[in-house]
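Have a look at the structure below, then the notes.
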């Protein structure tokens, strides 16, 4: 862990403030957009992962990717299955595990939701130059990647304790 100096502490606080404002805006925007398409935010995020996956995804992997426990993810997926958004089957690798895949309806709803959000993002980015837009996206990807690596490190430490 790096030594936290005054300048680093100020920058970390500024990042917290900026990220909180950004997340708050997107959290509510995503919720409102998801509701327009008959989805909850968690269902929308689950469909995002399922549509992007090459084939079915194990329930435990889906839960881990969304930072949810398996029982919560199981309830979310059960609701999605009742609504025809996903289908599940036994995993071919492990008969005890459930493999989840988006249905045609689930993929279609997700694609319409994503298109609406992309249109909103285009309006948000319209005043930036192409170079600034690429820098914004690169910075967000870098921060998200570091957070994933940090969480993986935390999990590894927790499992050793």
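Every read-out reported here was derived from the displayed coordinates using simple, explicitly stated rules and does not represent laboratory data. Computed from a prediction, not measured in an experiment: that's the story for all the values here. Here the Cβ is made from the backbone with ideal geometry for all residues, glycine too, and neighbour counts use every protein chain on show.
Extension gain residue 115-residue 31, at 0.36 nm per residue separation less the Cα-Cα distance, in nm?
Going from the current span to full extension adds 28.8 nm.
Taking N as the number of residues in region 39-116, what value does Rg over Cα atoms divided by 2.2 N^0.38 Å take? Write down the numbers at each step before the final one.
Values: Rg = 11.5 Å, N = 78, 2.2 N^0.38 = 11.5 Å.
Rg over 2.2 N^0.38 Å, computed on Cα atoms: 1.00.
Rounded to the nearest 0.05, what FRET efficiency do residue 137 and residue 19 give with R0 = 22 Å and r taken as the Cβ-Cβ distance? Could you check?
0.90
By the gyration tensor of its Cα atoms, with a ≥ b ≥ c the square roots of the eigenvalues, what is the shape of region 1-95: rounded for a/c under 1.5, prolate for a/b over b/c, or oblate?
oblate
Report the relative contact order of region 14-127, percent, no decimals, based on alpha-carbon pairs under 8 angstrom and at least 6 residues apart.
Working: 100 pairs, mean separation 29.5, N = 114.
Relative contact order of region 14-127: 26 percent.
Between the alpha-carbon centers of region 85-105 and region 47-82, tell me the distance in whole angstrom.
9
Write down the Å³ per residue value for the convex hull defined by the alpha carbon atoms of the chain.
Convex hull volume per residue, Cα atoms: 155 Å³.
What is the packing order of peptides 37-47, 95-105, taking the mean over residues of other C-beta atoms within 10 Å and listing the highest first?
37-47, 95-105
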